[in-house]
């Protein structure tokens, strides 16, 4: 039986054709993945299926019946539920309130909280998704928050469950938990639509996979009959080099040296507990670890967002007494931030403004406080060309670019800055394969130029592919040091979870 | 009635307009609509209340007129800030400025006077008060023996709004919309309807506040009204952490500052006499700044407060 059928779905936005005559049919009880690069139209398609967008043309059939959805309300009635990429939760409300909102148990006009709590207990038991109904959502880890989202749609009786990039925010263990849940739901006869651009996960979980590129359906394949390489080629439209070429560079003198550095997070909890390491010129040192094990505090200390509790930071032979973003940049640090939308760019500003930021007070971009538009435009145009930023329009605001192109703007800016140390904090977070490849290429270019690079990453494949040396962080400490030739994902994984430690290498 | 009871009763008189305005703010901002037009709405309602009472020769007619004009101004604010998703502060400021001008004009046009209206029938008159004779001699409790109807309304409103916000389905949805309208929308809550409802109800509550100024203890409109009471109401809402009961306590604190000032003027000696009058007028704002910077536990507004909501797609 077909759970969902899309016939000729087209969505035209003012400037882009997001979906172009898409035909899909999804069987009941299967896990069906939709992959594609950022901006390929996956999310748009799912928002159409969930009634958030109205298609420009095309027909939707749910369990064989033609439907015409005008709002999520209609989708819910048709037993379609969606777990959004950005969680639709209210942090100040309890788990119970979040789940029942919009369909509350009531006595007259009164909200029957007790009955709601009882219902949540029952449903959580029934599907084996453990939650504390009375806890505030703000106090829950991301994985549990997602569980709340799933319970929310299950309670509404969803038979077709849409997951929009559900693993983007999860740690590897949480992802494993989610996959267990998905398999259990499948066993229960639910139909699952899984949206992702992480091919490895797609290959692990799906029955069938549809590939989208630039709004068009490239094909639907069975998992058994394909592999990551083929999917990548379908997604990008050309052969993609997933393996990162090894480049050997003679390592130079120490550029950054960190000694016994400790720092607290914004809540005052000690998250970084005395780490020491060096980064040499022409070397990529990777910090591997599960998110939240002190990486953020290390980054913040290095760029001067947090004042360390103790320890030394020595950049280019000089101890930084007062670390501020301005000071470290003058001393030769470039920074690719983990959150490009908040730290990397001023979204409402144009490319030409974002691309000189940080150097805007310097000659030739400005003189005596007056910006030199001609020089700025020349520079921006040159960088947009060189870094292949699309569209080639320096007057477009950064907020209107795709994630990959936003990252390119940041690279174009940071690479142009005078530097000999690069702090790359999760530089490929949320990027698709094409853009990832681009970032890797530039990191290797930098290394060839003799720049010292500290790479902070959650992706083991990235760490193993790029790094000359790997430091593993666990609970604010470096619990192991190794080189990619002598280790593998399993060993790193064990260290990341604090199960295994190894000796630091002698430098 | 002894001085203590009299002072407490007077405190409730002072508190009522502030409390109504604060409750208006609480309802509106819990749904994410900032309404700094409270001041202007109070001015509209204070004047139209007097006008209605003048024509109808009884304060009930005044109340009706005042509430209707309050709702009408609420519709304007809702149209700009909810339906059009315009800037809520700009809309609020505009309404306040318009209220200043129009009412000054109407005052001269309707009553042919400058600065104040002729006296009209009002709720402060003895037969509109709620007499509870048997408690009048008891200290503190006696303060409640002779309050005006509007003061009682303000206290009842606190209970009703608390019940609505925290114990009804509607209240849960209002708060959800103020926290995360997109989440509410995906669950099938009609965000626009909720925001409209809260905006109008908030404006009507502010109108009650305006009426309690001109028809509560006074029996006429003066052109200085509402003398910043709308803004003090907003301060009380913040000081009370966006909750009805908090707003009540804050309003009482602010009102008692005024009473203390009156008492001190009469009998203070020594250093207390040296404190300038302006200090008491500034006190509500000083306390509010304290609340905002976290002196008495941080006051955190609803997460989507003041952010215009636009539907996707």
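The values are calculated or read from the model by the stated rules, or taken from the named source; none is laboratory data. Bear in mind that the values here come from a model prediction, so they are computed numbers and not experimental data. Note that each Cβ is placed from the backbone with ideal geometry, even for glycine, and that neighbours are counted across all protein chains shown.
When the helices (runs of 4 or more DSSP H) confined to the stretch A:1-107 are screened for residues that are touching a residue at least 60 places away in the same chain (Cβ under 8 Å) and within 14 Å of chain B (Cβ to nearest Cβ), those reaching at least 1 such residues are found at A:42-49, A:72-77. For the stretch A:96-116, filtering for residues that are surrounded by 22 or more Cβ atoms within 10 Å (Cβ to Cβ) and modelled with pLDDT under 90 leaves 1.
Within the stretch B:144-202, how many residues are farther than 17 Å from residue B:35 by Cβ and more than 14 Å from chain A (Cβ to nearest Cβ)? Result for the stretch B:144-202: 15. Among (1) in a helix (DSSP H, G or I); (2) buried (at least 21 other Cβ atoms within 10 Å of the Cβ); (3) in contact (Cβ under 8 Å) with a residue 24 or more places away in the chain, which single condition is residue B:33 missing? In the conditions (1) in a helix (DSSP H, G or I); (2) buried (at least 21 other Cβ atoms within 10 Å of the Cβ); (3) in contact (Cβ under 8 Å) with a residue 24 or more places away in the chain, residue B:33 misses (1) alone.
Here is a check on your reading of the model: is residue B:236 surrounded by fewer than 23 Cβ atoms within 10 Å (Cβ to Cβ), modelled with pLDDT of 85 or more and within 28 Å of residue B:95 (Cβ to Cβ)? For residue B:236, the condition - surrounded by fewer than 23 Cβ atoms within 10 Å (Cβ to Cβ), modelled with pLDDT of 85 or more and within 28 Å of residue B:95 (Cβ to Cβ) - is not met.
When we screen B:60, B:65, B:51 for residues that are surrounded by fewer than 21 Cβ atoms within 10 Å (Cβ to Cβ) and assigned to a helix (DSSP H, G or I), the only hit is B:60. Among all positions in the stretch B:263-277, there is no residue which is surrounded by fewer than 19 Cβ atoms within 10 Å (Cβ to Cβ), at pLDDT 90 or above, more than 14 Å from chain A (Cβ to nearest Cβ) and assigned to a helix (DSSP H, G or I). Scanning the stretch A:488-499 for residues that are in contact with a strand residue (DSSP E or B) (Cβ under 7 Å, 6 or more places away or on another chain) and part of a loop (DSSP other than H, G, I, E, B) yields a total of 1.
Number of residues in the stretch B:128-140 that are assigned to a strand (DSSP E or B) and loosely packed, with under 15 Cβ neighbours inside 10 Å: the value is 2.
Each residue in the stretch A:241-262 was checked for being crowded, with 16+ Cβ neighbours inside 10 Å and under 25 Å from the mean Cα position of the chain (by Cα), and 1 of them qualify. Only a single criterion out of (1) part of a helix (DSSP H, G or I); (2) more than 7 Å from chain B (Cβ to nearest Cβ); (3) under 21 Å from residue A:166 (Cβ atoms) is not satisfied by residue A:114, namely (3). Filtering A:365, A:387, A:379, A:438 for residues that are more than 21 Å from residue A:298 (Cα to Cα), buried (at least 16 other Cβ atoms within 10 Å of the Cβ), under 25 Å from the mean Cα position of the chain (by Cα) and not assigned by TED's automatic domain parsing to the domain that holds residue A:257 leaves a single hit, A:387.
Against the numbered list (1) without any contact (Cβ under 8 Å) to a residue 12 or more places away in the chain; (2) within 26 Å of residue A:444 (Cβ to Cβ); (3) not in a loop (DSSP other than H, G, I, E, B), residue A:374 comes up short only at (2). Select, from B:160, B:172, the only residue that is modelled with pLDDT of 80 or more and farther than 22 Å from residue B:212 by Cβ. After ruling out the rest, the residue left standing is B:172. Taking the conditions exactly as written (part of a helix (DSSP H, G or I) and crowded, with 22+ Cβ neighbours inside 10 Å), does residue A:211 satisfy them or not? So residue A:211 does not fit the description; no. The residue that is farthest from residue A:452 (Cα to Cα), among those in the stretch A:249-265 that are touching a helix residue (DSSP H, G or I) at 6+ places or on another chain (Cβ under 9 Å) and assigned to a loop (DSSP other than H, G, I, E, B), is A:265. Among the candidates A:270, A:298, the residue that is in contact (Cβ under 8 Å) with a residue 40 or more places away in the chain and surrounded by fewer than 22 Cβ atoms within 10 Å (Cβ to Cβ) is uniquely A:270.
Note on the stretch A:221-231: residues that are more than 12 Å from residue A:210 (Cα to Cα) and crowded, with 18+ Cβ neighbours inside 10 Å total 0. Checked against the criteria, residue A:341 counts as under 27 Å from residue A:40 (Cα atoms) and out of contact with any strand residue (DSSP E or B) (no Cβ under 8 Å at 6 or more places or on another chain).
In contact (Cβ under 8 Å) with a residue 60 or more places away in the chain, touching a helix residue (DSSP H, G or I) at 6+ places or on another chain (Cβ under 8 Å), under 21 Å from residue B:203 (Cα atoms) and in a helix (DSSP H, G or I), is that true of residue B:91? When the stated conditions are applied, residue B:91 does not pass them.
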